[in-house]
Amino acid sequence: MDNRAIGVFDSGLGGLTAVRQMHRIMPNENIIYFGDTGRVPYGSRSRKTVLQYARQDVAFLKEHDIKAIVIACGTVSSQVLGDIKTENSIPIIGVVEPTCYAAMRLTKNNRVGIIGTKGTIRSGAYEAKLHTLDPSVHTIARACPLFVPLVENGRFLPDDRVTQLVIEEYLTEIRDFGVDTLILGCTHYPLLRDAISRFMGEDVNLVDSGAEAADYARRFLTSAEQRQGCTEYYVSDDIDSFDAYAEMFLGEPAGVDAHLVDIASYGKENG
Ligand code: DGL
């Protein structure tokens with residue numbers, strides 16, 4: 001029985017979609033969440049910067065008594081998961097692999113779309129994994145850089161006209177390609193689920209990368225103790241805005257105030 005917490009991080013609020021699923025499927029686990037809200041977005045940054053930020057995020061989480069880390073960020077998982085795994089001895093779980101397994105279980109016509117940040121799509125990590133699982137799969141990928149700012153500003157409701165226009169711009173080609181499964185390869189995108197589903201059609205499966213990573217984590221990290229776990233939240237900027245928005249991502253009140261972290265002071269030796 002290992003009652004240490006699970007560390008979870010993302011560039012901002014998106015990783016709370018993984019925490020939401022963790023609260024649902026492993027309510028006994030303690031969670032330490034870090035959202036790098038002072039440096040979001042990661043998606044448009046170079047691999048080198050993403051690696052530096054990810055190392056600092058990990059260094060902060062490891063100051064707590066944690067047994068594993070869930071990288072609830074498509075951008076970090078798709079570009080630097082290998083480096084982070086090599087540098088750390090505790091289990092590190094990213095979003096790409098579990099999400100690809102889920103997509104291949106769901107697709108019937110073997111046509112899978114992938115959307116994510118610029119960095120995620122540039123890395124080709126989702127396509128590479130899908131092709132490893134089934135070399136005959138047909139994939140189409142598209143970066144959707146405006147989705148994160150829309151979500152972080154609360155503009156994700158299906159009737160929002162700006163959001164509808166952006167969705168049409170990004171997803172028309174993917175819809176025309178005839179996918180029956182679409183990977184939401186960025187953990188912010190599940191907030192846009194209803195709007196995306198309305199555009200793609202209800203028959204298209206939408207795969208939530210944060211939730212898939214949470215399911216994967218549960219398979220080997222569950223605690224046997226029957227108590228209610230607790231979650232601590234840390235961000236690198238604007239605590240008030242976190243408190244206001246977290247509820248939308250979590251689907252429940254965050255319950256406690258977030259703490260502020262000077263993330264740039266962490267992990268300097270790796271920078
Ligand atoms: N939530 C992060 C991801 O999954 C990205 C948002 C960002 O660009 O920082 O990729």
- Item | Criterion (away from the ligand (no atom under 16 Å from the Cβ) and among the aliphatic types (A, V, I, L, M)) met by exactly one of Ala54, Ala59 | Ala59
- Query: Pairs under 8 Å by beta carbon, first residue within 18 Å of Gln21 (Cα to Cα) in the range 233-248, partner outside any helix (DSSP H, G or I) and of a type in the set (Val, Ile, Thr), six or more apart or different chains?
  - Reply: Tyr233/Val256
- Select from the range 78-137 the residues that are within 16 Å of the ligand (Cβ to nearest atom) and of a type in the set (Asp, Glu) and list them in ascending order. Glu97, Glu127
- Task: Tell me, please, whether a residue that is surrounded by fewer than 23 Cβ atoms within 10 Å (Cβ to Cβ), farther than 26 Å from Arg47 by Cα and of a type in the set (Lys, Arg) can be found in the range 127-135.
- Result: no
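Test Lys48 against the stated conditions and say whether it is away from the ligand (no atom under 14 Å from the Cβ) and touching an Asp or Glu at 6+ places or on another chain (Cβ under 6 Å).
Criteria not met by Lys48.
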- Task: For residues that are of a type in the set (A, V, I, L, M, F, W, C) and in a loop (DSSP other than H, G, I, E, B), scanning just the range 1-57, find the one that is surrounded by the most Cβ atoms within 10 Å (Cβ to Cβ).
- Result: Leu13
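Quick grid of which residues meet (1) under 28 Å from Ile93 (Cα atoms); (2) hydrophobic (A, V, I, L, M, F, W, C):
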| residue | (1), (2) |
| --- | --- |
| Val166 | no, yes |
| Thr172 | no, no |
| Leu184 | yes, yes |
| Thr187 | yes, no |
| Ser197 | yes, no |
| Met200 | no, yes |
| Asn205 | yes, no |
- Item | Identity of the residue in the range 59-75, under 16 Å from the mean Cα position of the chain (by Cα) and closer than 16 Å to Val235 by Cβ, that ends up surrounded by the most Cβ atoms within 10 Å (Cβ to Cβ) | Cys73
- Message: I'm checking my understanding of the structure. Among residues of the range 175-194 that are crowded, with 21+ Cβ neighbours inside 10 Å and away from the ligand (no atom under 16 Å from the Cβ), which one is farthest from Phe249 (Cα to Cα)?
- Response: Val179
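Can you tell me which residues in the range 58-109 are among the small types (Gly, Ala, Ser), free of Cβ contacts under 8 Å to residues at least 40 places away in the same chain and in a loop (DSSP other than H, G, I, E, B)?
Matches in the range 58-109: Ser89 only.
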- So Phe156 fits all but one of (1) of a type outside the set (Ser, Thr, Tyr); (2) assigned to a loop (DSSP other than H, G, I, E, B); (3) out of contact with any helix residue (DSSP H, G or I) (no Cβ under 7 Å at 6 or more places or on another chain); (4) crowded, with 19+ Cβ neighbours inside 10 Å; what number is the exception? (3)
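Values in this text are rule-based calculations from the coordinates and carry no lab data. Please read all numbers here as calculations on a predicted model, not as lab measurements. Cβ sites come from the backbone with ideal geometry, for glycine too, and all protein chains shown count toward neighbours.
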